[in-house]
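Encoded as structure tokens, the structure appears first; notes follow it.
The values are calculated or read from the model by the stated rules, or taken from the named source; none is laboratory data. Values in this document were obtained by computation on a predicted structure and should not be read as measured data. Counting neighbours? That spans all protein chains shown, and the Cβs are built from the backbone with ideal geometry, glycine included.
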Number of protein chains: 2
Amino acid sequence: MAEARSDFQQYLKEQAQHVEEMLRHIIPEEWDFPAKLREAVHYSLEAGGKRIRPVMVLAAAESIADDQGAVDAAYPVAAAIELIHTYSLVHDDLPAMDDDDYRRGKPTNHKVYGEAVAILAGDAMLTHAFYCVSLAAKQKRVSAETALAIVEELSILAGAAGMVGGQAADVLGEQGITSLTELNYIHLHKTSDLIVFSLKAGGRIAGAQPYQLEALAGFGQRIGLAFQIQDDILDLIGDEQKLGKKTNSDVNQNKVTYPYLIGLEESKAEVARLTNEAKALLLSANLANPKRLLELADYLVKRDR
Amino acid sequence: MAEARSDFQQYLKEQAQHVEEMLRHIIPEEWDFPAKLREAVHYSLEAGGKRIRPVMVLAAAESIADDQGAVDAAYPVAAAIELIHTYSLVHDDLPAMDDDDYRRGKPTNHKVYGEAVAILAGDAMLTHAFYCVSLAAKQKRVSAETALAIVEELSILAGAAGMVGGQAADVLGEQGITSLTELNYIHLHKTSDLIVFSLKAGGRIAGAQPYQLEALAGFGQRIGLAFQIQDDILDLIGDEQKLGKKTNSDVNQNKVTYPYLIGLEESKAEVARLTNEAKALLLSANLANPKRLLELADYLVKRDR
């Protein structure tokens with residue numbers, strides 16, 4: 001874009017850089033295990049991406065406490081959610097799943113390291129996410145009770161009834177999805193659950209009240225769904241170069257999407273409706289500083305990739 | 001065997017039954033996710049096995065506290081370790097890994113549910129193990145600090161520098177293992193790490209002192225290694241029917257094993273040496289009731305399958 005980088009874009013970039021710096025050293029260097037496995041983990045962790053989920057952890061902490069201490073305390077959990085997101089991409093890309101050869105313009109993990117190592121790298125990242133959550137408490141910034149509540153929530157929202165369940169519904173339903181209810185199940189669990197986790201975890205670390213955690217969850221569900229519908233839309237109308245992957249791929253595969261089920265214009269209207277509802281919900285929750293979260297909601301639906 | 005079932009075998013059977021009863025309901029029934037995924041998880045969780053690792057959690061708790069309350073408090077963690085062990089088998093059996101069609105006489109998970117669902121079922125079990133650990137604290141029987149220490153230890157010993165690292169070393173080294181050092185790395189991480197976790201977690205829950213946790217860990221490393229060497233031996237000399245899988249399979253695949261590297265008699269001597277060392281270590285740690293752990297050590301090397 002030709003316009004000057006906005007304050008929000010600057011914020012997003014800086015936070016993403018902090019997270020990336022952390023990810024580069026996320027597995028202690030003194031841990032002794034095969035170099036190839038370490039390489040495979042870092043290959044995917046450092047493949048770029050917008051780092052939206054970790055930034056949401058940090059922005060949610062800031063929205064509650066508005067001080068740097070709370071944001072600093074949230075970093076290990078920000079890393080944890082990126083580990084979960086990245087492992088899910090590595091496993092989703094496998095031949096038995098989506099069978100993708102490229103992601104963000106680079107060969108996928110299994111194309112470089114082979115399927116066996118890609119499966120194990122995913123397993124290692126998933127397991128290490130829980131190490132990062134325990135680390136947050138070890139650094140004495142987060143109480144054991146709070147860290148354990150985050151462990152529990154991560155195990156639910158990333159597990160069978162969360163992200164993995166959403167992916168399973170997607171894989172199992174490939175040909176048979178006929179209703180918005182089924183599509184919403186997939187979107188809510190594949191996408192919204194990790195966003196809800198990120199927001200609530202950041203909120204918890206900063207000392208959010210239960211009603212504030214509920215508002216963060218409701219906000220997350222809606223922007224997660226909007227994000228996913230926007231993805232469907234971009235995939236249909238997006239510019240091939242900007243997206244860095246073939247557009248219309250979902251249509252080519254006869255994949256059922258929001259535009260397929262309710263039309264393009266209705267899908268756009270739904271994105272706007274969900275985003276507005278999400279923002280209103282957030283504003284009703286008496287947060288110390290919701291600015292970045294509100295900007296994030298707008299950013300997600302205005303992005304062109 | 002014709003002889004009467006010993007007191008220890010009765011103990012083992014009863015504890016395994018308790019664990020199996022728990023595993024049948026391990027994912028809350030009200031959790032809404034694809035039935036096929038739930039089925040795939042339970043297919044492997046309920047495929048039998050000796051439930052050695054969960055029994056170790058329970059026996060370790062009993063060794064420290066010698067009261068039923070401590071053992072009861074350890075049940076969720078006993079379930080957690082069986083979830084981890086089972087997920088590792090499901091992923092190891094995949095075509096990209098060991099490519100096994102049968103396990104314990106039944107078709108492997110991916111032969112029944114397909115590779116995609118098998119991968120996801122493994123991911124779901126791994127994630128759910130951490131839910132079970134958090135459950136131990138929710139039931140107010142274990143403090144948040146203890147549960148979080150168990151989360152941390154599980155994430156290390158089941159992760160990149162633990163079990164997953166051992167499996168990666170095995171996969172990556174298939175042709176190139178030439179030394180006992182390399183083989184020990186694989187055995188210690190693929191097998192001993194989860195045993196060490198089980199013993200320490202049970203000990204922690206029952207209030208073990210640091211020096212007792214260390215003794216439990218040293219005991220676990222040695223019996224884990226002995227268990228794995230015994231596996232190599234059984235695979236070489238075992239009776240096909242008793243093992244329920246083809247013997248000599250490791251030799252057929254030119255897989256490097258203990259008997260291959262140091263000979264059969266030396267391997268048997270090593271098993272005996274490690275077991276004795278393990279038992280001596282345990283007896284030096286002033287435990288309230290080490291009986292079951294000592295019996296377990298003997299059982300592991302005397303088993304014929």
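Every residue in region A:131-162 that is within 16 Å of the chain's Cα centre (by Cα), at the interface with another protein chain (Cβ under 7 Å from one of its Cβ atoms) and surrounded by fewer than 24 Cβ atoms within 10 Å (Cβ to Cβ), please.
The one that is within 16 Å of the chain's Cα centre (by Cα), at the interface with another protein chain (Cβ under 7 Å from one of its Cβ atoms) and surrounded by fewer than 24 Cβ atoms within 10 Å (Cβ to Cβ): A:156.
Residue A:203 passes all but one of (1) facing chain B (nearest Cβ under 8 Å); (2) in contact with a helix residue (DSSP H, G or I) (Cβ under 6 Å, 6 or more places away or on another chain); which number fails?
Looking at each condition in turn, residue A:203 falls short on (1).
Report whether or not residue B:100 is assigned to a helix (DSSP H, G or I) and not polar (S, T, N, Q).
No; evaluated as a whole, the condition is false for this residue.
Those residues that are touching a residue at least 24 places away in the same chain (Cβ under 8 Å) and facing chain A (nearest Cβ under 7 Å), I need them from region B:104-130; list them, please.
Passing the criteria: B:117, B:119, B:120, B:123, B:124, B:126, B:128, B:130.
Can you tell which of B:176, B:224, B:165 is without any contact (Cβ under 8 Å) to a residue 60 or more places away in the chain, within 22 Å of residue B:86 (Cβ to Cβ) and within 14 Å of chain A (Cβ to nearest Cβ)?
That would be B:165, the only listed residue that is without any contact (Cβ under 8 Å) to a residue 60 or more places away in the chain, within 22 Å of residue B:86 (Cβ to Cβ) and within 14 Å of chain A (Cβ to nearest Cβ).
Quick check: anything in region A:59-70 touching a residue at least 40 places away in the same chain (Cβ under 8 Å), among the polar types (S, T, N, Q) and within 30 Å of residue A:114 (Cβ to Cβ)?
no
Can you spot a residue in region B:51-64 that is part of a loop (DSSP other than H, G, I, E, B) and more than 21 Å from residue B:139 (Cα to Cα)?
Yes.
Against the definition (within 14 Å of chain B (Cβ to nearest Cβ), under 23 Å from residue B:153 (Cβ atoms) and assigned to a helix (DSSP H, G or I)), how does residue A:73 come out, yes or no?
So residue A:73 does not fit the description; no.
Can you tell me which residue in region A:104-119 is farthest from residue A:145 (Cα to Cα), limited to those that are assigned to a helix (DSSP H, G or I) and in contact with a Lys or Arg (Cβ under 9 Å, 6 or more places away or on another chain)?
A:112
Yes or no, residue by residue, for (1) at pLDDT below 95; (2) touching a Leu at 6+ places or on another chain (Cβ under 6 Å); (3) of a type in the set (Val, Ile, Thr):
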residue	(1), (2), (3)
A:150	no, no, yes
A:153	no, no, no
A:158	no, no, no
A:168	no, yes, no
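For residues that are more than 11 Å from chain B (Cβ to nearest Cβ) and over 25 Å from residue A:123 (Cα atoms), scanning just region A:179-199, find the one that is modelled with the lowest pLDDT.
A:179
Hey, among the residues in region B:87-103 that are buried (at least 24 other Cβ atoms within 10 Å of the Cβ) and closer than 14 Å to residue B:46 by Cα, which one's farthest from the other protein chains (Cβ to nearest Cβ)?
Result: B:90.
Looking for whichever is part of a helix (DSSP H, G or I), modelled with pLDDT of 95 or more, more than 30 Å from residue B:35 (Cα to Cα) and within 19 Å of the chain's Cα centre (by Cα) here; the options are A:122, A:203. Which one fits?
Matching residue, one of A:122, A:203: A:203.
Select from region B:24-42 the residues that are within 14 Å of chain A (Cβ to nearest Cβ) and part of a helix (DSSP H, G or I) and list them in ascending order.
Across region B:24-42, the qualifying residues are B:35, B:36, B:37, B:38, B:39, B:40, B:41, B:42.
So residue A:256 ticks every box in (1) part of a helix (DSSP H, G or I); (2) modelled with pLDDT under 90 but one. Which box is left unticked?
Single failed check for residue A:256: (1).
Please specify each residue of region B:129-145 satisfying the condition of being over 13 Å from residue B:70 (Cα atoms) and either of a type in the set (Asp, Glu) or at pLDDT 95 or above (or both).
Matches in region B:129-145: B:129, B:130, B:131, B:132, B:133, B:134, B:144, B:145.
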